[in-house]
Amino acid sequence: MSNLFDMQGKVALVTGGSRGLGRAISLGLADHGADVVVVSRNIDNCSTVAAEVESRGRSALALSGHMGRWDEIDAVVDRAYARFGRIDILVNNAGMSPAASSSLDTSEKLVDAVLALNFKGPFRMSAQVGSRMAAGDGGVIINISSAGSIRPTPEIVPYAGAKAALNAMTVAHAQEFAPKVRVNAVLPGSFRTDVAQHWPADKEANTPAVLKRFGEPDEIVATILYLASDHNRFTTGAMIRVDGGRP
């Protein structure tokens, strides 16, 4: 029990792993011994994070892929397994959260894009990896949902709906891939990532979180490590809020 977060010998795949929470998660897993497959659409950004992983003495693979397109997801999975032969930890982090002025002004194209990246993509990725985990030595799937999935607001209806679907998928896949695979979701609130640079200047001052601030990206890492740890063998189908105490 001396090192509850020991990831030595594990292979993690992190979608949206090249920036923001995904980068923090990728590096946090590497810091605790995991080899990491870093996936996003921008291969240069992936390669930068992969180099950071390797600087920590771990192996890394940078892969480009759109996580809303099933053919690209399938190709990423095949390449990851070809390199490492296994995936022990899957973190479905890729997503998008555009705001709209009203539901009436929200286009069908935007709704389709939000659903594809936030729900359809994780569904396919989990189906591909989870089924292999269940047929092999098992593993862990962690879905990065959102506080908005349980506290929706009018400007993020498609996003909140997609993340609520991700929550439902978490519960269902925890059943489907059991007993070898544990599937859980993390529900972040507002974090100080690059996306936050485009938010209104007074957003943090007016946050409903009881801690009265945004989270720092590395503040999500301990929750990821807890869910990924072999010592956490009795938590599955759970939703864990990391939102600063939003009411």
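At-a-glance table
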item: Elements of type helices (runs of 4 or more DSSP H) in segment 8-96, at least 3 residues being at pLDDT below 95 and either surrounded by fewer than 23 Cβ atoms within 10 Å (Cβ to Cβ) or of a type outside the set (V, I, T) (or both); result: none
item: Some residue of segment 205-217 being under 19 Å from A228 (Cα atoms) and not charged (D, E, K, R); result: yes
item: H198 more than 20 Å from the chain's Cα centre (by Cα) and in contact (Cβ under 8 Å) with a residue 60 or more places away in the chain; result: no
item: Residue list for segment 208-247, filter: more than 17 Å from the chain's Cα centre (by Cα) and crowded, with 18+ Cβ neighbours inside 10 Å; result: F214, G244
item: Residue list for segment 33-63, filter: polar (S, T, N, Q), touching a strand residue (DSSP E or B) at 6+ places or on another chain (Cβ under 8 Å) and closer than 17 Å to L21 by Cα; result: S40, N42, S47
item: Count of segment 97-110 residues which are surrounded by 11 or more Cβ atoms within 10 Å (Cβ to Cβ) and modelled with pLDDT of 95 or more; result: 3
item: Count of segment 195-207 residues which are loosely packed, with under 12 Cβ neighbours inside 10 Å and among the acidic types (D, E); result: 1
item: Residue in segment 159-172 that is touching a residue at least 40 places away in the same chain (Cβ under 8 Å), aromatic (F, W, Y) and touching a Ser or Thr at 6+ places or on another chain (Cβ under 6 Å) present; result: yes
item: Selection count, segment 131-155, where residues are within 20 Å of A209 (Cβ to Cβ), modelled with pLDDT of 95 or more and not in a loop (DSSP other than H, G, I, E, B); result: 5
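The values are calculated or read from the model by the stated rules, or taken from the named source; none is laboratory data. Please read all numbers here as calculations on a predicted model, not as lab measurements. Glycine also receives a Cβ, built like all others from the backbone with ideal geometry; neighbour counts cover every protein chain displayed.
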